[in-house]
Amino acid sequence: MIEVLALPPVSTVQDLGRDGHWFQGLGRAGAMDALAHRAANLLLGNDETAATLEIPLTPAQFRFAARTSFALAGAACDATLDGRALPRIWAGIAEAGQLLALGGMRTGARIYIALPGGIDVPGVLGSRSTQLREGFGGFHGRVLMPGDLLKPMQADAAELPEAGLSLELPALWQPGEQAILLRALASTEHDSFTEAARAAFWTTPYAVTRQGNRQGFRLEGAPLDRNSAGELRSHGIVPGIVQVPGGGQPIIQLADSATMGGYPKIAAVIAPDFWRIAQARPGDQLRFVRVDVVEAAAAEVEEAALLEQWRVGLRAQRALCRSWC
Amino acid sequence: MFAQPDIDRILAAMRAHGVTRLEIKDPKKRLRLSLPPATGSSPTAPGTPYSAAVTSPGIGRYLPRGGDDGMAELEPGARVLAGEVLGYLCSGPVRRVVVAPHDGIVPAEWPETGALLGYGDTVCRLETEQ
Amino acid sequence: MGDTRTSLIGSRAILFEAPCPFDLEHQQRFWALAEACAAWPGVLEAVPGMTNLTLLLDRVPVDIDRLARDLDALWSSGQRRQVDGRTLEIDIVYGGKGGPHLAEVAEMTDLSIDEVVRRHSGPTYTVYAVGSHAGYCYLGGLDPRLETPRRKTPLTRLPGGSLSVAGLQTGVSASAGPSGWNTIGAAEVAFFDPGRDPAALLRPGDQIRFRPVDVLT
């Protein structure tokens, strides 16, 4: 059990999202950085769908009410356990009474905390994710506040080496790149943008502005004009879609995306790169790299292989731990 | 009978835990193992610095702290406290954390990044004032 | 193939559009299409939009050309699905704090405020599609004289129960959130309740009537 001592009012309990209710207008919700969410769960031997706490703003402090294992993954934030510095990806044991402190985030924008078996919140409509707009799911349908207690689904600590475990996550920036690269597919109205707009979109960086949350980010860069005007009829949209309202500055829809929208769509970021958007901070530059469906499918295969490598590696580590720890 | 791999694993565990003598006896088999005392822990005069080996808790490739882990690099000569992260032993993407077993001074000598270490191998020697 | 269009809106999501008038008859063709596509292998959800259709898939559609042909062929069959829905009456306070853009809409349409209210509360609207946010209903049947452009900069937070118009569309928000539409009134209705089955109050084919209880300036 872990008690929230201090936490800005933007953190929510999330899992991999709520599928199957799109037809009712209900978005998926779920962890913005599903990769870090999965890493935190896998380090504890949890199911990857177990609920974690998503923290998009620090500083934050937690007190462990009982001895438990826990995992931390995501942004670098000078985390300490009773004053002892922790790696940004870490799973280990906390003793009753110990203080977990997260400092300012230096690179990355979201941190995930996992508890053994997952955070114990009720499943609603097939998921434990917080549906912020509708106010249900997760921890009483709301953001976490000081004084809240998060319980693990399992009382026992996970099998971990005493000094803890860490995991290698892919780098947010590719070597030599000033911008975070996002692979994207051309979307419905792509060809209706001017040639200059299309060229700018695929070659120049777009900065993450301060106007961003779980629903989406507003970006700032070369303005994107269309050849055709006129209102579109409302149509389906999904996380990753890059829309361009009349002002010409793009918006990316994220985990709490609406299910329908009406702005022209220039591109769709592929799902395996969502985590990169989630870890982008205001001021960070994003650059879109055009891919086709075949490349998008290959990127999913690549991501699945990475996850399988984590699962196999951590299973082997747990087996080793059982015999020698 | 004990197979050689079993004996090797027991030896590694002994090294990891600083055990120098071990005897296993049952009606069918008997095993006696002895190791030389860990180097560096020989008695010295009070006040003189001495160094103790930090041994590897497993098999893996050495990765120093301060890369992509969000932690500051360790500066030789700086103080570390017991339990502080010194580096990692990596097998694939999994990283086993190596921590300081006791307070000490960061040494200048470390394994090369990517060097393969086995159970009980010396990761570094941590200078201590006693 | 006709001049229908199938495009990607995500790694595993496609949008199907057909050039057609924006009316009930054509919306019924999209309802029929949604029902048929929902049974296709690999389709997780088939959700009608406003004279368009979104398919959520279980993988990246590397065979998007084949999907486009199948959708086009099905569309060309001209099949319609008629729904015998329920009718919901909703009390609306037009204008005031809950309808901050009423005067602007009157100006943009060159109508008096009373005329905007009269024309807006006159028709029986049909739920063409459910989406945007949970339980929200896109309605067909708006008087074309009330057509207005979307706002250039969306409002970041509009309260639940807000009645808005944009283009030839109108609707009442089911919960608080951002909106790029022109808000002309307010209501109190629970369009979505996760404890209810189904959670959404209305579905495509249901009908809504707006009853003006007050007009504020």
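The values are calculated or read from the model by the stated rules, or taken from the named source; none is laboratory data. Worth saying up front: this structure is predicted, and the values here are computed from it rather than measured. Positions of Cβ are backbone-derived with ideal geometry, glycine not excepted, and every protein chain shown enters the neighbour counts. Keep in mind that these areas ignore ligands, DNA and RNA; they rest on the heavy atoms of the full protein, side chains included. Shrake-Rupley method; radii C 1.70, N 1.55, O 1.52, S 1.80 Å.
If you go through region A:93-118 and keep only what is touching a helix residue (DSSP H, G or I) at 6+ places or on another chain (Cβ under 9 Å) and within 10 Å of A:Phe70 (Cα to Cα), you end up with A:Ile113, A:Ala114, A:Gly118. Taking the criterion of being among the polar types (S, T, N, Q) and more than 14 Å from every other protein chain (Cβ to nearest Cβ), no residue of region A:128-143 qualifies.
Cβ separations smaller than 7 Å between residues 6+ apart or across chains give the following pairs from region A:197-219 residues that are farther than 14 Å from A:Val289 by Cβ and assigned by TED's automatic domain parsing to the domain that holds A:Phe274 to residues that are open to solvent by less than 50 Å² (accessible area, probe 1.4 Å) and modelled with pLDDT under 95: A:Arg218/A:Gly212. If you check A:Val289 against the conditions, is it open to solvent by 30 Å² or more (accessible area, probe 1.4 Å), modelled with pLDDT of 95 or more, out of contact with any Cys (no Cβ under 9 Å at 6 or more places or on another chain) and facing another protein chain (nearest Cβ under 9 Å)? So A:Val289 does not fit the description; no. Tallying residues that are assigned to a loop (DSSP other than H, G, I, E, B) and either open to solvent by less than 80 Å² (accessible area, probe 1.4 Å) or on the phi > 0 side of the Ramachandran plot (or both) within region C:67-118 yields 12.
Within region A:56-81, the residues that satisfy the criterion of being away from chain B (no Cβ under 14 Å) and open to solvent by 10 Å² or more (accessible area, probe 1.4 Å) are A:Pro56, A:Leu57, A:Pro59, A:Gln61, A:Arg63, A:Ala65, A:Ala66, A:Arg67. As a summary of the residue check, C:Gln27 satisfies the conditions (1) within 14 Å of another protein chain (Cβ to nearest Cβ); (2) touching an Asp or Glu at 6+ places or on another chain (Cβ under 9 Å); (3) of a type in the set (S, T, N, Q) except for the one numbered (2). Listed here are the strands (runs of 3 or more DSSP E) enclosed by region A:231-270 that have at least 2 residues being open to solvent by 10 Å² or more (accessible area, probe 1.4 Å): A:251-253. Being part of a loop (DSSP other than H, G, I, E, B), over 19 Å from the mean Cα position of the chain (by Cα) and within 14 Å of another protein chain (Cβ to nearest Cβ) holds for only one residue in A:Pro161, A:Pro146, and it is A:Pro161. None of C:Asp110, C:Asp143, C:Asp91 is modelled with pLDDT of 95 or more, farther than 30 Å from A:Asn213 by Cβ and touching a strand residue (DSSP E or B) at 6+ places or on another chain (Cβ under 6 Å) except C:Asp91. One residue alone among C:Gly85, C:Gly99, C:Gly167, C:Gly135 is within 28 Å of C:Val213 (Cα to Cα) and without any contact (Cβ under 8 Å) to a residue 40 or more places away in the chain, and that residue is C:Gly167. Test B:Ala82 against the stated conditions and say whether it is at pLDDT below 95, open to solvent by less than 70 Å² (accessible area, probe 1.4 Å), part of a loop (DSSP other than H, G, I, E, B) and among the aliphatic types (A, V, I, L, M). In short, yes.
Evaluate the following for C:Thr54: is it over 20 Å from the mean Cα position of the chain (by Cα), closer than 21 Å to A:Pro264 by Cβ and among the β-branched types (Val, Ile, Thr)? Against the criterion (over 20 Å from the mean Cα position of the chain (by Cα), closer than 21 Å to A:Pro264 by Cβ and among the β-branched types (Val, Ile, Thr)), C:Thr54 does not qualify.
Contact map, region A:152-180: residues that are among the acidic types (Asp, Glu) paired with residues that are open to solvent by less than 40 Å² (accessible area, probe 1.4 Å), Cβ distance under 6 Å, separation 6+ or inter-chain. Pairs shown: A:Glu159/A:Cys321; A:Glu168/B:Pro93. Could you tell me whether C:Leu56 is touching a His at 6+ places or on another chain (Cβ under 8 Å), without any contact (Cβ under 8 Å) to a residue 60 or more places away in the chain, crowded, with 18+ Cβ neighbours inside 10 Å and not in a loop (DSSP other than H, G, I, E, B)? Judged against the criteria, C:Leu56 is not a match.
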